[in-house]
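In what follows, a single structure is set out as structure tokens and then discussed.
Throughout, read-outs are computed from the coordinates displayed, never taken from laboratory work. It should be emphasised that the depicted structure is a prediction, and the values quoted were computed from it without experimental measurement. FYI the Cβ positions are ideal-geometry reconstructions off the backbone, even for glycines, and counts take in every protein chain you see.
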Amino acid sequence: MTQHKTHHYEVNTSWSSALAGPTHNYRSYSREHRIEIEGKAPLHASAEPAFRGDETLHNPEDLLLASLSGCHLLWYLHLCAVNQVEVLEYLDRASGVMLESPGAGRFQEVVLRPQVTISASSDEAVALQLHEQAHRECFIANSVNFPVRHEPVITRAQPEAPST
């Protein structure tokens, strides 16, 4: 029988009318809010600017995209470490598309575009294949109801020239 582990997370999200007043109408209130997780630095967030938010603050859509990108990164690094692929650099230029409809909206797709540099001695084919496995393992990607695609690029570092 498979034994399952359960993980619990707690977040406190707070908002106050002190910033711009109460919710008299759609335009009257601030979208700025504070996200707090015990033992971590607070995060000041807002709505997406299209929804009257502060463009200088993170919004839920940014954070969803960052969660998907970060989860893939962490699984990928783990899988590379246990499969003898030495990662030197990793940069993901992720993007997401959300469709807004009257009264609602939903993400249609997220595309992760990790650019990974591996050591000269690492196997490029294995490094590429591990993105598929990282996608299957990612907790966040497994929790969303829209496609999460990935378009990885693997670059092998040049071997070090022998010193003379």
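Report the gain in length on full extension from Arg136 to Lys40: 0.36 nm times residue separation, minus Cα-Cα distance, nm rounded to one decimal.
Taking 0.36 nm per residue and subtracting the Cα distance, the gain is 31.7 nm.
Translational diffusion coefficient of the chain at 4 °C, 1.567 mPa s, Stokes-Einstein with Kirkwood Rh over Cα pairs, in µm²/s as a whole number.
69
Quick one: if the Förster radius is 25 Å, what FRET efficiency do Ala81 and Met1 give, using the C-beta to C-beta distance and rounding to 0.05?
Efficiency computed from Cβ-Cβ geometry: 0.30.
Using a Gaussian network model of the chain with C-alpha springs under 10 Å, which one of His72, His33, His150 is most mobile by mean-square fluctuation?
The residue with the greatest mean-square fluctuation here is His33.
Can you tell me what percent of all Cα-Cα pairs in segment 60-156 are more than 18 Å apart?
44
What residues qualify as long-range amide H neighbours of Phe146, i.e. H under 5 Å apart, gap of 5 or more or another chain, H built at 1.01 Å from N?
Here nothing satisfies the definition.
Taking the Cβ of each residue in Tyr90, Tyr76, Tyr9 as the centre, tally the other Cβ atoms inside 10 Å and list the residues starting with the fewest.
Fewest to most other Cβ atoms nearby, the residues stand as Tyr9, Tyr90, Tyr76.
Helix 124-137 sits at what angle to the longest principal axis of the chain, using alpha carbons and giving 0 to 90 degrees rounded to 10?
Between the helix axis and the principal axis of the chain, the angle is about 30 degrees.
Counting only C-alpha contacts under 8 Å and six or more residues apart, can you give the relative contact order of the chain as a whole percent?
Once divided by the residue count of the chain, the mean separation gives 16 percent.
Identify, among Leu79, Tyr29, Val97, the residue whose Cα sits farthest towards the positive end of the charge dipole of segment 27-140, taking +1 on the Cβ of Lys and Arg and -1 on the Cβ of Asp and Glu, with the dipole about the Cα centre.
So the residue we want is Tyr29.
Kindly provide the helix-only [θ] at 222 nm of the chain, computed as the sum of -39,500 (n - 2.57) over DSSP H runs of four or more divided by all residues, to the nearest 500 deg cm²/dmol?
-7500 deg cm²/dmol
Could you tell me how many degrees, from 0 to 90 and to the nearest 10, lie between the Cα long axis of helix 60-82 and the main elongation axis, the longest principal axis, of the Cα atoms of the chain?
The answer is roughly 20 degrees.
Just order 131-142, 51-62 by mean Cβ neighbour count inside 10 Å, highest at the front, would you?
Ranking the peptides 131-142, 51-62 by packing returns 131-142, 51-62.
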